[in-house]
Amino acid sequence: MGCVSAVPPPRNDADAPDAPQAPDGRGGRRSVAVALLLGALGASVVLLASGRVWARGTAAVGGGSLPLTADGRAVTGLPAALAIVGLAALVAVFAVRGRSRLLVSALLALSGLGAALAAVLAADDRQALDAQAARTTADTAAQVGALTHTAWPYVTAAGGALILLAGLLALRFASRWPAMGGRYERDGSPRPRKAAVVDPDRPEDLWKALDRGEDPTR
């Protein structure tokens, strides 16, 4: 006949339905890699596409026509500026914690959204070429003719959308991401350094303590 124990078997809390689940470290690392890739790629696309020709036209000069072009920075410098802000925010996400990390993540997302909207709104702009035509012809009322636009504003907007996605990832998963400055405690104070044990019978220990600025006689 088997022996019956009055002690209940140990309970495995991991099998309980209400047991808290540990955060998935692999998911956090994966989201970090994706956010870094999207943010860096998006900012690079915005900065590159902002330097390309967005609009072309002609200005009437002396009975002829002079071809004119305007790049994205001449049309609007906002997307490039916001891309730089986004890059700074992407780096700063790893330098802060808690609520500050959420604020920086929101700044990252807003910079991408702003860059995309600014590029789309300026896609059919003609003011930059009109101003160039006025300078070229020395006629303040001159306007550019045969105006055409390229696809680069929409490429810029796509880069801004990538920055926006990086910001949304940061808002969702940044609490799992590592932070820089690991030698500091969670409250921001430096970790106390444990003093080395000094053997008074060993002269080399006494010299090492003096080199560290410690008093070996205490």
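The values are calculated or read from the model by the stated rules, or taken from the named source; none is laboratory data. Just so we're clear, the structure is a prediction, and the values are computed from it rather than from any experiment. So basically every Cβ, Gly included, is an ideal-geometry build from the backbone, and we count neighbours across all protein chains shown. Please note that ligands, DNA and RNA were not included when accessible areas were found on the heavy atoms of the full protein model with its side chains. Shrake-Rupley method; radii C 1.70, N 1.55, O 1.52, S 1.80 Å.
Numerical summary
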| quantity | calculated |
| --- | --- |
| With every protein chain in place, the stretch 90-144: carbon and sulfur % of accessible area (1.4 Å) | 61 |
| Nonlocal amide H pairs with V61, under 5 Å, H built at 1.01 Å | L66 |
| Cα-based convex hull volume of the stretch 138-182 per residue, rounded to whole Å³ | 156 |
| At R0 = 30 Å, FRET efficiency that the Cβ-Cβ distance of S100 and S44 yields, to 0.05 | 0.70 |
| For the stretch 37-112: accessible area per residue (Å², 1.4 Å) | 47 |
